[in-house]
Each structure stands twice: as structure tokens, then as C-alpha cells.
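S.K.: Please find one structure pasted underneath; my questions will follow.
The values are calculated or read from the model by the stated rules, or taken from the named source; none is laboratory data. On a predicted model such as this, the values are computed, not experimentally measured, just so you know. Note that we place each Cβ from the backbone using ideal geometry, even for glycine, and neighbour counts take in every protein chain shown.
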Amino acid sequence: MSKMFIGALSGTSMDAIDIAAVDFSEAQPRLLAHANYPIAQDLTARVRSIQSDACRLSEYARLDYIFGKLFADCINDFIKQQNFSPQTVAAIGLHGQTVLHDTSQESPLTLQIADPNVVAYKTGISVVSDFRRADIAAGGQGAPLVPALHALLFAKPDKKQAILNIGGIANVTVLDGKQIVVGFDTGPGNCLMDAWSLKHNNQSYDKNGEWAAAHSPDSALLQAMLKDSFFTKTPPKSTCTGYFSLDWLADYMQESTSLSPGVVVATLAELTAVAVANALQGYIGEGNELLLCGGGAHNRHLVECLRRHTKLTVLSTADKGTDPNWIEAIAFAWLAKLRLENRSGAIPAVTGADVATVLGAVYRTNCETY
């Protein structure tokens, strides 16, 4: 079997499709190539609309097909641009786009779009998808799924450290030597800042956090938001951008309607950083390293907020030899490899599942035998 796998996802920021080709022939994954394909804003808006309770089932089904075709087209272009042959790719680890994730109720749910049947057919490559629901069936959160890869990439004997992925949602992994201590979602990463920036500054994100850095956060609004029940939950826990939305923010701004948009975005940056710092208390002490990955690792203002509140040595995963932009794509390529080997990629201590399940379903191409 080929040792090259492709990982493909659209993160919780919903701004682009990330694709990475990864070689697993050695002990450490080797990133061979990567590409980023922006998602049109009107399509992003349609995805956000199906996160509401008023969503029509037909719109969900239609977007599932549209995203499947979009992912397939992007992967085919990626393979062509890299001069790869589809026959050299063992499988595609397809996460797609999460539209719903809520494990707080008696009947937990997670829902991603990008039909893997479409991707398998149009690329001619086996697809592994639906990575979260087996863990949920076993009583887990179905998230986060990246801590095991964090351990593979960064664990060092006798070294305590944390890895923080800042996408739309922020999630953290704490390592003590090669042991995963804990891993969970800490709350909003970029999602609230991005949505606020688009609404009030006509920009899809606050570049380098410059808008937030030019203002002072509002303490009353910050403290009100931090009282949300998600922040006081103990791990395992997970969430999604459908929860931490502008509607969520509006509920907490009812007493803060006079705040300027700049003050609000500064407060949202502070929220992300304080939520992370609070979440890490008791798991890792001052002076240890906090490695950042995901889009938020490039937000200079947010990085400074994290330094100030966590009292940790904040670095990029790039300082350890791994590009912070591609860790999640590498992760889903790796999870596809584990699925084909019938090995579990789940960590019950992280997700809360009863057992370590084999994650993902395999979608074969028409030319393959079962």
C-alpha cells in the first residue's frame, strides 16, 4: 500500500479548504505538499445559514453535494499541480465542513458536509470520512481528534508542554512527556472575532489583530461572557461555531450596546486568551511552553494576549519544525491511514468515550473491489 495520504478539510473558520499530501513511510509524518483554496463568501454564508434551527433539510442535502464536488475539484487540481498520480495516493482523509456539533444533550450530534461518495467518484481515490460519530456512539465527544497527532509530532521525554490549535474554535492538548494529560475545546478561537470583523469592518478577519490592538477591552462584557456555562464545564468537552456565534454574543451585549465595534473586537480577543488561560490552570505551570498552530497563531495581538494571561512561553509550532497552518490537514491524512490499518485514532481520556474506537468510514471508488 502507498504511504502517501491526503488530508482535506474546511476548518471552523469556514474561509478555505486546506489540502495536504503526507508521507508516512517514516516514524514521523513528512509534509510533501500543501495548498489552500478559498471558499466564496456567498457559499460560506449559506453554510452559516444551515446552522440555524430554521434550516430547510433540502438546503443541507444540496450543500452536502456542492461541498463534495468542491472538495473533489480542489483535490483534483491539487494532484495535478503537484504532478502526483492518483494511483500513488492510498486514501483521502476527508473531514469536510462541520455545520453542527453539540454533545451537551442526551442525544449528542455532529454533522459535517462534503459527500464522500462524490469525492471518491470524482477523484478515483478511496475516501475515509465521518471520523467523529464512532467515538460519539461509544459515549465520547467525538472531539478533539488531533491530540494523538500532537503527541506524535511534539512529545518529548520529561517535557511538559501544551499545544493550542486556534481555528474558529480553540482546542488544547497538554502533554507530560509522551503522555497525553488532557485535550479539549477551550471555547472560541477566531470565530467571534472574524464574524464581528466581517459585520463591522467589512473584513473577513482582523489582520494581525491590529484593530483589536488599537482598543481596550471592556471588563464588564468580558466577565459576563466568561460566565457562560461552557467555560465552567470540566473536560471532556467540545463545541462549535454554531454555539459561539454573533447571536450568542448579542445575548451578552444587551447591557453593552454603547460599546464601539473596536472595543468589542478587543474584548473578543481577550475572551479567547482568558478562556485558554483559565482552561489550562491546574494542568500546566508557568514557564512551560505553549505551542500555537492554526490561523490564530498569526494574530500577533492574540499571541501577546496569550503570553500575558497564560504566563507560558508562547511559541509557534514552526519553531519546532512543523508549519502551524497544516497540522489539522496532516491529522486527517493520518486518521485515514489508521482507519485503513484498522487502528484507533481516538483517545478515550480526551473524548470521554468508553472505548478507543476505529474512526471513520471507507468509501471506495467504482473501480475497486471490496
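Residue-wise test of (1) buried (at least 21 other Cβ atoms within 10 Å of the Cβ); (2) at pLDDT below 95; (3) touching a Lys or Arg at 6+ places or on another chain (Cβ under 7 Å).
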position	(1), (2), (3)
Phe5	yes, no, yes
Thr12	yes, yes, no
Asp23	no, no, yes
Arg48	no, yes, no
Asp53	no, yes, no
Arg56	no, yes, no
Phe67	yes, no, no
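S.K.: Here's a follow-up. Mind counting the residues in the range 98-114 that are part of a loop (DSSP other than H, G, I, E, B) and buried (at least 24 other Cβ atoms within 10 Å of the Cβ)?
M.R.: Looking only at that region, the number is 1.
S.K.: Within the range 21-43, is even one residue outside the structural domain of Cys293 (by TED's automatic domain parsing), of a type in the set (Ser, Thr, Tyr), under 30 Å from Leu198 (Cα atoms) and assigned to a loop (DSSP other than H, G, I, E, B)?
M.R.: Among the residues of the range 21-43, not one is outside the structural domain of Cys293 (by TED's automatic domain parsing), of a type in the set (Ser, Thr, Tyr), under 30 Å from Leu198 (Cα atoms) and assigned to a loop (DSSP other than H, G, I, E, B), which makes the answer no.
S.K.: With (1) among the aromatic types (Phe, Trp, Tyr); (2) surrounded by fewer than 22 Cβ atoms within 10 Å (Cβ to Cβ); (3) touching a Phe, Trp or Tyr at 6+ places or on another chain (Cβ under 9 Å) as the list, and Phe244 as the residue in question, which single condition is left unmet?
M.R.: For Phe244, the exception is condition (2).
S.K.: Working carefully through the options Ala162, Ala143, find the one that is among the aliphatic types (A, V, I, L, M), buried (at least 18 other Cβ atoms within 10 Å of the Cβ) and under 30 Å from Val263 (Cα atoms).
M.R.: Ala162
S.K.: Just for strands (runs of 3 or more DSSP E) wholly inside the range 277-370: which have at least 1 residues that are modelled with pLDDT under 95 and outside the structural domain of Asp158 (by TED's automatic domain parsing)?
M.R.: Where strands (runs of 3 or more DSSP E) fall fully within the range 277-370, none carries at least 1 residues being modelled with pLDDT under 95 and outside the structural domain of Asp158 (by TED's automatic domain parsing).
S.K.: Then there is this: Say we look at the range 69-125 and pick out the residues that are more than 23 Å from the chain's Cα centre (by Cα) and of a type in the set (D, E, K, R); which of these is modelled with the lowest pLDDT?
M.R.: Glu106
S.K.: In addition: If you check Gly139 against the conditions, is it assigned to a loop (DSSP other than H, G, I, E, B) and either modelled with pLDDT under 95 or under 21 Å from Tyr243 (Cβ atoms) (or both)?
M.R.: yes
S.K.: When you look at Ile50, is it under 20 Å from the mean Cα position of the chain (by Cα), within 25 Å of Ser245 (Cβ to Cβ) and not charged (D, E, K, R), yes or no?
M.R.: yes
S.K.: Continuing with this model, one more query. Can you name the residue in the range 272-326 that is in contact with a Phe, Trp or Tyr (Cβ under 9 Å, 6 or more places away or on another chain) and more than 16 Å from Val172 (Cα to Cα) and, of all such residues, is surrounded by the most Cβ atoms within 10 Å (Cβ to Cβ)?
M.R.: Asn299
S.K.: What pairs come out if I take residues in the range 199-226 that are at negative phi and pair them with residues that are of a type in the set (Lys, Arg) whose C-beta lies under 9 Å away, six or more apart or interchain?
M.R.: Partner pairs satisfying both residue conditions: Glu210/Arg300; Ala213/Arg300.
S.K.: Given the conditions (1) farther than 30 Å from Ile347 by Cβ; (2) in contact with a Lys or Arg (Cβ under 8 Å, 6 or more places away or on another chain); (3) surrounded by fewer than 18 Cβ atoms within 10 Å (Cβ to Cβ), report the number of the one that Ser258 does not fulfil.
M.R.: Here Ser258 clears every test but (2).
S.K.: Now, a different point. Evaluate the following for Gln161: is it closer than 24 Å to Val303 by Cβ and in the same structural domain as Val274 (by TED's automatic domain parsing)?
M.R.: Yes; evaluated as a whole, the condition is true for this residue.
S.K.: Further question: Identify, by number, the condition in (1) surrounded by fewer than 15 Cβ atoms within 10 Å (Cβ to Cβ); (2) over 22 Å from the mean Cα position of the chain (by Cα) that Asp42 doesn't meet.
M.R.: So Asp42 meets the others, but not (2).
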